[in-house]
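First up is the structure itself, then whatever we jot down about it.
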Amino acid sequence: MHSEELTAASDAELIVAALAGDTEAFDVLVLRYRRAMLTVAQQIVRNPSDAEDVVQDALLLAFEGLPQLDNLNRFGAWLHTITRNRAVRHFKNTSRYAPQEDMEPYVNRVTDPSDADPAVIYERKQARQDVRDAIMELPAEFQEVLQLYYWAEMPQKRMAEFLSVPLTTVKWRLHKAKALLRTLLEQRGYGDDV
């Protein structure tokens with residue numbers, strides 16, 4: 001397959017190609033799911049570098065286990081399970097909990113060099129921290145969909161496959177999570193600008 005064909009191919013088509021020896025096909029799968037995997041790992045291990053290690057480990061296991069995958073259309077859910085299990089194992093093995101210092105690598109941001117005013121920088125940083133704190137107060141299933149949707153930029157359909165839930169469940173959770181997050185932020189003084 002050519003690059004543009006690989007990008008447009010379904011997960012099942014890419015898996016078949018990867019099983020036939022096309023390593024570029026697996027690379028496309030990695031690109032599709034990597035950010036979501038990082039989000040899942042980050043929820044459990046909290047440390048960004050540890051999350052990277054977990055994702056690398058999960059990708060290696062997935063690549064090695066690809067021939068045993070029974071339902072090619074469930075690749076995303078299978079990868080989610082591998083990532084979550086590896087993250088839990090990593091967390092238990094390290095027996096340390098490092099609070100999450102900064103999720104900046106996973107948050108899209110636009111910086112304007114003219115905004116070098118320290119007060120503006122502090123205010124933005126505080127607002128981001130308030131959003132992170134509010135998200136962490138939400139139930140886990142709401143945290144997960146918000147992080148996958150905004151930070152991993154995962155489409156809802158792929159999110160449903162990845163989480164192994166119906167698309168309607170993802171849509172409901174996302175809607176409910178946004179409403180709960182808005183309420184929490186309003187309680188923190190962020191009025192109409194949320």
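The values are calculated or read from the model by the stated rules, or taken from the named source; none is laboratory data. Predicted model only: the values in this text are computed from it and were never measured. When we count neighbours, we look across all protein chains shown, and the Cβ atoms used for this are built from the backbone with ideal geometry, even at glycine. When the accessible area is computed, the model is the full protein with side chains, heavy atoms only, and any ligands, DNA or RNA have been set aside. Shrake-Rupley method; radii C 1.70, N 1.55, O 1.52, S 1.80 Å.
Calculate, for residue 85 and residue 19, the FRET efficiency according to 1/(1 + (r/R0)^6) with r their C-beta to C-beta distance and R0 25 Å; round to the nearest 0.05. Please report the intermediate quantities before stating the final value.
Numbers: r = 22 Å, r/R0 = 0.90.
E(calc), rounded to 0.05, equals 0.65.
What number, in percent, do you get for the relative contact order of segment 30-87 if the mean sequence gap of Cα pairs under 8 Å and at least 6 apart is divided by its residue count?
Computed value for segment 30-87: 47 percent relative contact order.
Using unit Cβ charges (K, R positive; D, E negative) and no other charged atoms, how large, in debye to the nearest 20, is the dipole of segment 1-91 about its Cα centre?
Working: 8 positive and 13 negative charges, 116 e Å.
Charge dipole, segment 1-91, about its Cα centre: 560 debye, nearest 20.
Got a sec? What order do 7, 39 fall in by accessible area at 1.4 Å, biggest, i.e. largest, first? Present the calculation step by step, with values, prior to reporting the outcome.
Details: 7 95, 39 10 Å².
Solvent-accessible surface, decreasing: 7, 39.
So if R0 is 30 Å, what FRET efficiency would residue 169 and residue 92 give, r being the distance between their Cβ atoms, rounded to the nearest 0.05? List each step's numbers first, then the result.
Working: r = 29 Å, r/R0 = 0.95.
That pair, residue 169 with residue 92, gives E of 0.55.
Report the gain in length on full extension from residue 137 to residue 4: 0.36 nm times residue separation, minus Cα-Cα distance, nm rounded to one decimal. List each step's numbers first, then the result.
Working: separation 133, 0.36 × 133 = 47.88 nm, distance 4.14 nm.
That pair, residue 137 and residue 4, stretches by 43.7 nm at full extension.
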